[in-house]
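Since every read-out is calculated from the coordinates, none of them should be taken as a lab result. Since this is a predicted model, take the numbers as computed values, not measurements. Heads up, the Cβs are rebuilt from the backbone with ideal geometry, glycines too, and the neighbour counts pull from every protein chain shown.
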Amino acid sequence: MKFENVKMFLDLIHKKEVVWHPTTPKNFECVSGCCCCCADTYFFSEEIEKLPPEIKEKTYTNDLGFISPLPFERSDGGCIFFKQEEMHCSIHKYRPLRCQIYPFVPIILNGVITIVTETFTNVVGDNEDIEPWHRCYGLGKGPDISKSIEEKALKFLRCFFNNYNNLTEIFFKQKENLINKKCYAHHTKPIHATWEEALKALREDN
């Protein structure tokens, strides 16, 4: 990463100034039956140290250097700690910061740490067969959790730099990127009202 970006990254974390993208809701509550957060997660080394042995032994370092849950033994991927039968996280108490801030993610937009929302498409990968309108259905519901997310986002960025500083360039975004199809999906409402409705539509399309 360029030296000026390294300095900016650390300076922004030190300033502790976080803003919200104007279309990102600050209210959130987990919706029962949803599983869009349970993929593509990873731990920081300081989180691994606090895990019980039986959980730690189910993690590994992948090709990109991320400490991740062992690959799920299902063709659709996902997190090994997600129990599909009960539709819940089996290590919720120990879930990493990556999961704690979902469906929000901090990016550096025009030199400012900005909170945006993640799309389901970004979680499962760049699959052209899945339109990028999937979004966590808990967004806009429940209490205002903005303060908690801001604090965790700063901690997340700090940990990310300490663990994966060679990859921090991914957090730098240009304003014009938010109008392309993939990033614009961060800030649009899903075309389906519920997760069940979205899954039904996917099954019918396939």
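General remarks:
- Cβ-placed point charges (K, R +1; D, E -1), dipole of segment 38-101 about Cα centre in debye, nearest 20: 180
- For T41, distant residues with modelled amide H under 5 Å away: none
- Whole-Å semi-axes of segment 38-101's equivalent ellipsoid (Cα gyration tensor): 17, 14, 11
- Rounded to the nearest Hz, the phi-derived 3J(HN,Hα) couplings of segment 79-90 under the Karplus curve 6.51 cos²θ - 1.76 cosθ + 1.60 (θ = phi - 60°) are 8, 5, 8, 8, 8, 5, 4, 9, 6, 8, 7, 7, where x marks glycine and proline.
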